[in-house]
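The values are calculated or read from the model by the stated rules, or taken from the named source; none is laboratory data. Nothing here was measured: the structure is a model prediction, and the numbers come from that model. Counting neighbours? That spans all protein chains shown, and the Cβs are built from the backbone with ideal geometry, glycine included. Protein only, heavy atoms only, side chains kept; ligands, DNA and RNA dropped before computing areas. Shrake-Rupley method; radii C 1.70, N 1.55, O 1.52, S 1.80 Å.
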Amino acid sequence: MTLRKGFEPHLAVGETTVTGRDVEMLRGIDRHGSMHAAAEELGRSYPHLQRRVVELEEALGQLTRRDRGGKDGGGTQLTPAAVDLIQRFERLRVELSGVTAVPESVVSGTVTEQDGELATVRTPAGEVTARVPAGTTDVEIAVRADAVVLMDPRSEGATSLRNRLPGVVSDLTIEAAIATVTVDVADGVTVESVVTEESVEELDIEVGREVVAAFKTTAARAISTDS
């Protein structure tokens, strides 16, 4: 089973939360130099848009500057603080996109032995060690694809990757020099790995190829499914 997660970024500044909707509003004001025009473009009520600007400014300081008169009739401009806020939000969006775009593999199992936060879990693909909440019996273990390393089954080298699940490559996609490899490790159980195209070539990875999907104990996070 593979799970893909998506998050809407939120930027916390003190006790105020700035959302993508807020940033869209500020960008609209910047494009048009007018709150009225921004509200019309975004399909929002002008009073509500104006009220939200006031709320943000009360918490974060001046974000807009009103230019009155002149041949163009004046308008509303963003302050450097507003531009900085937008840039901070966009940096957060980029960071999150890099995280949330990575798929997770989820494997169900039963805890057979536990030592503190670490436990041995029996799964259809074999035993897996993972971080498991204390007192848990039935769990689902999630492993991010970028934490899974693909190895040649004949490799005998020492490694800190305690979990090694042998399987067969069932799917391979390559985009922008990055490959997503799906490995069938048991009947109905798959693990995905994100590797470089260069690694695919070095390991001669292709559909039908036997590989070992390996990952550290600390990369495997379990949640309880006890009823």
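Return the only residue of V132, V111, V121, V128 being out of contact with any helix residue (DSSP H, G or I) (no Cβ under 7 Å at 6 or more places or on another chain), under 21 Å from T182 (Cα atoms) and surrounded by 14 or more Cβ atoms within 10 Å (Cβ to Cβ).
Unique residue meeting the criteria: V128.
Pairs please, first residue from segment 212-227 and within 11 Å of R144 (Cα to Cα), second anywhere and open to solvent by less than 20 Å² (accessible area, probe 1.4 Å) and not aromatic (F, W, Y), Cβ atoms under 6 Å, 6+ apart in sequence or on different chains.
Final answer for the pair search is F215/V143; F215/V148; F215/N163; A219/V143; A220/A130; A220/I141; A220/V143; R221/A142.
For segment 156-205, which strands (runs of 3 or more DSSP E) that fit wholly inside it have 2 or more residues that are open to solvent by 50 Å² or more (accessible area, probe 1.4 Å) and in contact (Cβ under 8 Å) with a residue 40 or more places away in the chain?
In segment 156-205, 163-175 are the strands (runs of 3 or more DSSP E) which contain 2 or more residues that are open to solvent by 50 Å² or more (accessible area, probe 1.4 Å) and in contact (Cβ under 8 Å) with a residue 40 or more places away in the chain.
Restricting attention to segment 208-227, which residues are of a type in the set (A, V, I, L, M, F, W, C) and in contact with a Leu (Cβ under 8 Å, 6 or more places away or on another chain)?
Of everything in segment 208-227, those that are of a type in the set (A, V, I, L, M, F, W, C) and in contact with a Leu (Cβ under 8 Å, 6 or more places away or on another chain) turn out to be V211, V212, A213, A214, F215.
Within segment 206-227, which residues are open to solvent by less than 50 Å² (accessible area, probe 1.4 Å) and hydroxyl-bearing (S, T, Y)?
Matches in segment 206-227: T217 only.
Can you tell me how many residues in segment 84-115 are at pLDDT 85 or above, part of a strand (DSSP E or B) and under 21 Å from the mean Cα position of the chain (by Cα)?
Total meeting the criteria: 3.
Having 1 or more residues that are over 32 Å from the mean Cα position of the chain (by Cα), modelled with pLDDT of 85 or more and among the small types (G, A, S) is the bar; report the helices (runs of 4 or more DSSP H) wholly within segment 1-67 that clear it.
35-42
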